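K.L.:
One structure is given below, represented as structure tokens, and several questions about it will come after.
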Amino acid sequence: MQKIILILLILLPLAGCNPYPKDIREALNQSGDNRPELEEVLNKYRKTDRLKYQAACFLIANMQYHETDVETELTPEHHKYFKKADSLYHAWFGALSVRIVVFLLSAGLLSYTVMLTRAEIKWNRIAQLSLAGHTVRVLPEYDKLYRWLGNDGLFLYNHAAELNEAKEYERSITAFEICTRHYNDMDVQMLMADNYKTLGKYAEAERHFKMAAAMCPVRFMPLYELVKLYDTTNQKDEALAMAKIIIEKDVKIPSPTIAAIKNEMQRLIEAQEINRVKEDLTDEPVFEKTRQGETPEQGEALPP
């Protein structure tokens, strides 16, 4: 037992002389004059920050794999290219001071800001004209503003909506497709559905009405428009099922519009049920009564 303790006492100081793992020691041995700086980093973080110490160990251990004994020398063609590039840079910017460069950049930024502000002011003006009933007249002005406002989702939505108002449904669809890359909500999908419905593309209209309903589940209008679409396309069963969903749907904020929609759906359900009863009665065979003593005509069924 005493021998084991003696051996441990001898090995412990030796172990303390090599505080780093084997790969770290190999990297330090190959670092040459940089070894003191690397050891300073390791000693700094070893006792203060465990995470930074592990990161330093990882970097130092992998330094030996990021070197080469092959000397890389640029060809004369490369030197000629860099020399020409330097001469062009000095010819263009060598005479410009830092103040002049800053002034030019500031002037360019200010010019862009002014032009963008002017475009937004013009957009506001033509939007007001459109609300006043001059939609068709201002549409060319919207096209001119695309250069400055073509990435503004609200501008794209406004333009597409104005095209819908002007009954240019194909152009409105194209504008909305661009709009959805920057801005997309229930109103966008509702107007896209209206475009397709007006053009007779009912499957696309249904898809966009359903997307609008999914985007805002508490709203009644997408479901109401679906009922009207099903009724227009003579899909009576789908219209009836959707009408029942609207009747059973909870109302978050009561309003006259929602009350009117629910009343209309109730009338639609009642009308459909009355029509079905009439159809069932029409399908039943009708027997004419034969007076006593008379012989039924040929082909006439006997009364029960």
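The values are calculated or read from the model by the stated rules, or taken from the named source; none is laboratory data. Since the model is a prediction, treat every value here as computed from it, not as a measurement. Here Cβ is always computed from backbone atoms with ideal geometry, including for glycine, and neighbour counts include all displayed protein chains.
K.L.:
Restricting attention to region 180-195, which residues are surrounded by fewer than 20 Cβ atoms within 10 Å (Cβ to Cβ) and not in a loop (DSSP other than H, G, I, E, B)?
P.N.:
Across region 180-195, the qualifying residues are 186, 187, 194.
K.L.:
Return the pair list, or none, for Cβ contacts closer than 7 Å from residues in region 164-182 that are in the same structural domain as residue 139 (by TED's automatic domain parsing) to residues that are of a type in the set (A, V, I, L, M) and not in a helix (DSSP H, G or I), at least 6 apart or on different chains.
P.N.:
Final answer for the pair search is 169/199.
K.L.:
Further, regarding this structure: Quick one: in region 217-260, which of the residues that are of a type in the set (A, V, I, L, M, F, W, C) and in a loop (DSSP other than H, G, I, E, B) is nearest to residue 204 (Cα to Cα)?
P.N.:
220
K.L.:
Oh, and also: All but one of (1) at pLDDT below 95; (2) closer than 30 Å to residue 247 by Cα hold for residue 221; state the number of the condition that does not hold.
P.N.:
Failed condition: (1).
K.L.:
Please find, within region 224-234, the residue that is surrounded by the fewest Cβ atoms within 10 Å (Cβ to Cβ) out of those that are farther than 16 Å from residue 196 by Cβ and of a type outside the set (Ser, Thr, Tyr).
P.N.:
Only one residue tops the list, namely 234.
K.L.:
Find all pairs meeting these conditions: Cβ atoms under 6 angstrom apart; at least six residues apart or on different chains; first residue within region 256-268 and under 13 Å from residue 228 (Cα atoms); second residue small (Gly, Ala, Ser) and in a helix (DSSP H, G or I).
P.N.:
Listed pairs, sorted by first residue: 265/243; 268/243.
K.L.:
Quick check: is even one residue across region 187-205 of a type in the set (Phe, Trp, Tyr) and within 20 Å of the chain's Cα centre (by Cα)?
P.N.:
No, region 187-205 contains no residue that is of a type in the set (Phe, Trp, Tyr) and within 20 Å of the chain's Cα centre (by Cα).
K.L.:
While we're looking at this one, here's another question. Show the residue pairs that are 6+ apart or on different chains and have beta-carbon atoms under 8 Å apart, the first residue being within region 238-249 and assigned by TED's automatic domain parsing to the domain that holds residue 224, the second being of a type in the set (Asp, Glu) and surrounded by 14 or more Cβ atoms within 10 Å (Cβ to Cβ).
P.N.:
These pairs meet every condition: 239/231.
K.L.:
Residue 147 versus (1) of a type outside the set (A, V, I, L, M, F, W, C); (2) farther than 30 Å from residue 234 by Cβ; (3) touching a Ser or Thr at 6+ places or on another chain (Cβ under 8 Å): which is the lone unmet condition?
P.N.:
The one condition residue 147 does not meet is (3).
K.L.:
On the given criteria, is residue 232 modelled with pLDDT under 95, closer than 28 Å to residue 171 by Cβ and not assigned by TED's automatic domain parsing to the domain that holds residue 163?
P.N.:
It is true that residue 232 is modelled with pLDDT under 95, closer than 28 Å to residue 171 by Cβ and not assigned by TED's automatic domain parsing to the domain that holds residue 163.
K.L.:
Return yes when residue 101 is β-branched (Val, Ile, Thr), modelled with pLDDT under 90 and part of a helix (DSSP H, G or I) and no when it is not.
P.N.:
So residue 101 fits the description; yes.
K.L.:
Ok, one more. Quick check on region 208-221: of everything there that is exposed (fewer than 15 other Cβ atoms within 10 Å of the Cβ) and free of Cβ contacts under 8 Å to residues at least 24 places away in the same chain, which residue is farthest from residue 251 (Cα to Cα)?
P.N.:
By that ranking, first place goes to 214.
K.L.:
Within region 158-169, does at least one residue satisfy the condition of being aliphatic (A, V, I, L, M), within 18 Å of the chain's Cα centre (by Cα) and either in a helix (DSSP H, G or I) or at pLDDT 95 or above (or both)?
P.N.:
For region 158-169, residues aliphatic (A, V, I, L, M), within 18 Å of the chain's Cα centre (by Cα) and either in a helix (DSSP H, G or I) or at pLDDT 95 or above (or both): absent.
K.L.:
Of a type outside the set (Val, Ile, Thr), farther than 30 Å from residue 247 by Cβ and surrounded by 16 or more Cβ atoms within 10 Å (Cβ to Cβ): does that describe residue 159?
P.N.:
Numbers: of a type outside the set (Val, Ile, Thr): yes; farther than 30 Å from residue 247 by Cβ: yes; surrounded by 16 or more Cβ atoms within 10 Å (Cβ to Cβ): yes.
So residue 159 passes the test.
K.L.:
Among the numbered criteria (1) out of contact with any Lys or Arg (no Cβ under 6 Å at 6 or more places or on another chain); (2) on the phi < 0 side of the Ramachandran plot, which single criterion is violated by residue 218?
P.N.:
So the condition that residue 218 fails would be (1).
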